[in-house]
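The values are calculated or read from the model by the stated rules, or taken from the named source; none is laboratory data. Note that the structure is predicted; figures quoted are calculated from it, not measured. Positions of Cβ are backbone-derived with ideal geometry, glycine not excepted, and every protein chain shown enters the neighbour counts. The protein model used for the area step is the full one, side chains on, heavy atoms only, and it has no ligands, DNA or RNA in it. Shrake-Rupley method; radii C 1.70, N 1.55, O 1.52, S 1.80 Å.
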Amino acid sequence: MSIIGEEPLPPGALEVETLGMTMRFGAFTALDDVSIRVAPGSFHALLGENGAGKSTLVKCIMGFYHATSGELLVGGREARIADPRHAHAMGLGMVYQHFTLVPSLTVAENLVISRKDAPAVIDWGKERAGLDAFMQSMPFRVPLDQTVARLAAGEKQKLEILKQLYLGRRFLILDEPTSVLTPDEADEVLGHVRALCEAGEISVLMITHKFREVTAFADEVSVLRRGKLVGQGKVADLTHAQMAAMMIGAEKDTTPAPRSGTTGAPVLEIDGIRALDRSGLKEIDIRSLTVRAGEIVGIAGISGNGQMELMEVLTGQRPLMAGAIKVEGAPYSATRAEAQRLAVRYLPEEPLRNACAGRMSVIENIAFRSFDRKGDSPRFWTSGKEMRARGTELIAAFKVKVAAPDGPIAALSGGNVQRAVLARELTGAVRLLVISNPCFGLDFSAVAEIRARIMAARNAGTAVLLMSEDLDEVMELSDRIVVMSEGRISYEVTAAQASLAEIGHHMGGHA
Amino acid sequence: MAGDLGLWGIPVAIVGGAIRVSTPFLFVSLGEVLTERSGRINLGLEGTLVFGAMAGYGTAVLTGSAWAGVLVAALAGVVFGLVHGIICSLPKVNDIAVGIAMMLLGSGLAFYFGKPFIQPTAPDLPAIALGGWSDLPQVQAALNVNVLFLIGLALALVMAWMFRSTKVGLTLRVVGDSTDAARAMGLRPAVIRTLATAAGGAFAGVGGAYLSLYYPGSWNEAISSGQGLMAVALVIFARWNPVACFWAALLFGGAGALGPALQSVGVTKGYYLFYAAPYVLTLGVLIATSSTTRALSGAPGELSITK
Ligand SMILES: Nc1ncnc2c1ncn2[C@@H]1O[C@H](COP(=O)(O)OP(=O)(O)OP(=O)(O)O)[C@@H](O)[C@H]1O
Ligand SMILES: [Mg+2]
């Protein structure tokens with residue numbers, strides 16, 4: 001660690017400032033002359049569209065990337081951070097967009113081993129006492145003896161934040177910390193973080209796409225667009241519309257897409273299916289579920305209640321123990337030929353893992369549905385030219401931000417992977433669309449655009465099965481809502497009669 | 001001949017055989033557990049085992065000390081492990097391919113340097129007679145337990161404790177389960193994996209020294225019958241748990257002793273089929289533990305075969 005000056009940093013919340021930070025990846029400038037100051041004890045929000053460079057900025061602060069040019073000041077002194085370890089030693093911590101917990105370790109093990117001064121021989125009796133005391137002092141808790149792999153996403157996110165507090169960080173970066181939390185959970189977690197800011201314990205820089213959280217918890221906000229700092233100010237002085245305008249450069253209408261057309265014949269019929277869940281210990285059991293043409297059926301539920309397994313059953317990744325799935329009256333086992341013939345398309349969650357070949361190029365990934373088809377007939381030789389033309393066209397149409405269309409899709413930002421997969425799945429005639437968390441981690445303009453596309457597909461007669469942890473999304477899009485709890489459908493209601501409170505009640509399994 | 005023991009000779013011979021045959025399995029599999037828990041697979045341990053057998057034997061012949069042989073075998077294992085670890089730390093290198101190369105290299109070098117040691121005899125490793133309570137010579141022979149077997153048992157217990165209650169152990173598990181998490185903690189996965197592979201190599205080297213210095217107790221080119229490879233299957237069977245490795249090694253050892261045990265009680269036909277028992281067991285284990293829908297429970301997340 002090289003801090004100029006010998007005096008130790010003052011205790012309590014840290015001040016962190018970037019001066020003219022620039023980061024280039026080859027010829028591509030991801031970050032362009034960005035200066036942001038996070039005052040000690042303040043809660044600073046960082047807004048920006050997908051691919052605006054938010055993650056890049058914070059990774060430069062944490063020493064994951066070495067900025068091409070620019071300076072970093074910590075506590076008012078220049079700091080050259082070689083790697084994350086140096087950042088940690090200075091009291092800088094980060095909660096990542098992706099989980100960084102170790103799945104096979106228990107919560108207690110995760111906490112203890114993440115400590116820099118973890119003892120060589122761990123006295124579990126003593127550590128447990130310390131951990132229990134720490135947990136008691138926190139407003140929210142996570143069971144210490146559970147292995148992380150068995151925690152629900154929301155609990156993992158809470159644990160990520162708890163871990164940083166346990167490690168005594170004084171400057172905390174949160175990269176979309178609430179994307180996996182319910183609004184109530186998010187308020188709970190952020191409320192506590194905010195209280196720590198006010199107490200002068202920590203300063204926070206939070207990346208988010210949710211204006212509501214910015215208004216409710218942040219003091220100041222900075223907005224990035226295409227790598228440049230395009231706006232900054234006190235949250236109290238700004239409206240949502242003004243923040244949105246800064247993000248996309250112009251005011252844009254985000255009213256829900258119109259609904260039209262009539263509901264037709266059943267397209268997807270699920271009849272008494274049972275399958276084992278991931279742990280192999282529990283079952284999912286869906287008695288009956290029908291999705292009709294021109295209808296969106298939304299599945300609400302807290303993550304980990306069998307939605308993921310249902311998705312895997314529908315995509316053919318998980319074998320059935322009993323029951324049958326029919327599409328347009330024909331038995332459906334999710335082979336590529338069947339999906340092709342019946343025009344069934346998918347957007348699974350974590351699309352980079354479940355719907356992409358990470359090391360193949362963006363163009364190739366977009367061609368997965370079409371590379372072996374020439375119009376309606378199969379083809380033997382693929383055509384690189386057609387693939388490229390089609391890929392380029394779709395990248396433009398779906399506004400996928402790519403530095404290099406021939407580069408691996410894994411290099412795209414989270415939101416852009418989502419768009420690339422949607423571009424592939426929503427093109428051509430689609431009779432059944434099965435989607436899971438389609439707007440996870442997307443900025444508001446992308447969310448509006450993708451929801452509009454889903455609605456347009458519905459209006460054109462596609463049957464849509466939508467699984468989402470975002471209840472607002474389910475409420476906005478669905479014609480009919482079912483609630484999944486413990487692997488079963490516990491409640492069903494038409495959108496017209498749905499009430500948030502009632503659905504929330506069933507999601508919690510208290511029915 | 002088992003004579004007065006009759007059919008009882010079979011279990012006695014199997015127990016004795018299990019203890020005798022299991023030691024190399026135990027060491028190699030403990031070494032492999034160490035390596036795999038850090039997120040890498042080292043298939044080269046078979047080569048390390050053979051080289052360790054040669055190096056240990058050669059050293060014992062030259063110095064007259066079996067323990068010096070064990071030490072040199074362990075050091076040779078460290079070198080092989082380091083080479084594997086360092087090569088695998090380079091970008092775009094596959095650990096399985098490197099392992100196969102190291103396996104061939106280890107055996108090749110052992111045969112090359114081992115030629116002069118095929119004739120001379122080396123001192124044996126000491127054994128402890130735990131069968132003194134019995135009058136039966138068969139029981140006494142079966143319970144003549146080599147010191148390395150006991151050391152292996154102790155190592156298994158120490159490793160289990162290490163994975164649970166020491167910083168080193170938890171760090172290894174972190175690195176083996178999630179490279180991202182390890183990086184976020186400021187650990188250097190490549191370095192840690194290389195060190196784990198080196199330590200694992202030492203274990204395999206000792207396993208080799210046992211082969212040449214105790215049982216069968218001489219150096220020749222056919223000294224290993226694939227124990228190094230079977231140990232990898234054994235690790236999966238044992239779910240990456242060192243203590244389970246001990247029991248699995250005994251089981252594999254017992255299976256290996258089945259053929260000789262039958263032969264010793266006078267079965268003259270078909271006993272050689274039972275020589276294949278360990279291999280059949282390996283296949284059976286691999287089939288029984290595979291599933292298309294469930295993640296292998298206990299498998300380190302970064303392992304290239306389970307990813
Ligand atoms: N290692 C890298 N190599 C090349 N390009 C990169 C790399 N990391 C990021 N980029 C590019 O830099 C741009 C900014 O990415 P970044 O991850 O910072 O976006 P973001 O604002 O966090 O977006 P999101 O809201 O989707 O998470 C993107 O266009 C991305 O493709
Ligand atoms: Mg990001």
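Heavy-atom accessible area for A:PHE371, with the other protein chains in place and a 1.4 Å probe, reaches approximately 80 Å². Assuming charge only on the beta carbon of Lys and Arg (+1) and of Asp and Glu (-1), the dipole of the protein assembly as shown about its Cα centre is about 1700 debye to the nearest 20. Ligands, DNA and RNA are left out, and with a 1.4 angstrom probe the accessible area of chain B is 42 Å² per residue. Placing R0 at 45 angstrom, the Cβ-Cβ distance between A:ARG212 and B:ALA277 gives a FRET efficiency of 0.10 after rounding to 0.05. A 1.4 Å probe, protein heavy atoms only, puts the accessible area of A:SER137 near 80 Å². Between B and A, roughly 1900 Å² of accessible area is buried in total, ligands, DNA and RNA not counted and the probe set to 1.4 Å. Residues A:ASP219, B:ASP135, A:ASP237, A:ASP443, sorted by accessible area with the largest first, give B:ASP135, A:ASP237, A:ASP219, A:ASP443 [1.4 Å probe; ligands and nucleic acids excluded].
Counted over chain A, the DSSP beta bridges are approximately 55% antiparallel. Taking all Cα-Cα distances within segment A:16-247, those exceeding 28 Å account for 31%. Estimated from helical segments only, the mean residue ellipticity of chain B at 222 nm is -22500 deg cm²/dmol, where each DSSP H run of four or more residues counts as -39500 (n - 2.57).
Largest first, the residues B:LYS269, A:LYS163, A:LYS156 sort by 1.4 Å accessible area into B:LYS269, A:LYS156, A:LYS163. The ellipsoid that matches the Cα gyration tensor of segment B:105-153 has semi-axes, each √(5λ) in whole angstrom, of 33, 14, 9, with the longest given first.
Cross-link list A:LYS156/A:LYS234; A:LYS156/A:LYS326; A:LYS59/B:LYS92; A:LYS59/A:LYS163; A:LYS234/A:LYS401; A:LYS163/A:LYS399: which exceed 26 angstrom alpha carbon to alpha carbon?
A:LYS156/A:LYS234; A:LYS156/A:LYS326; A:LYS234/A:LYS401; A:LYS163/A:LYS399
Sorted largest first, the principal axis extents computed over the alpha-carbon atoms of segment B:2-306 equal 65, 47, 34 Å. Taking R0 as 45 Å, what FRET efficiency do you get between A:SER383 and A:HIS240 from their Cβ-Cβ distance, rounded to the nearest 0.05? For A:SER383 and A:HIS240, the calculated efficiency is 0.45. Among the GluC sites (Glu not before Pro) in segment A:161-264, those located in a DSSP loop and surrounded by at most 15 other Cβ atoms within 10 Å of their own Cβ are A:GLU251. A:THR382 sits with roughly 80 Å² accessible to a 1.4 Å probe, with DNA, RNA and ligands left out of the calculation. In the context of the full set of protein chains, residues of chain A present 42 Å² of accessible surface per residue (probe radius 1.4 Å, heavy atoms only). Subtracting the Cα-Cα distance of A:ASP83 and A:LEU281 from their residue separation scaled by 0.36 nm leaves 67.1 nm.
Would you mind telling me the share, in percent, of accessible area of segment A:16-247 contributed by carbon and sulfur at probe 1.4 angstrom?
51 percent
The equivalent ellipsoid that matches the C-alpha gyration tensor of segment A:356-428 spans semi-axes of 20, 12, 10 angstrom, in descending order.
Kirkwood-type hydrodynamic radius, chain A: 24.5 Å, calculated from all non-identical alpha-carbon pairs. Using the rule -39500 (n - 2.57) for each DSSP H run of four or more residues, divided by the residues of chain A, the 222 nm mean residue ellipticity is -9000 deg cm²/dmol.
Quick check: at a probe of 1.4 Å, how many percent of the accessible area of segment B:2-306 sits on carbon and sulfur atoms?
Exposed carbon and sulfur together represent 71 percent of the surface.
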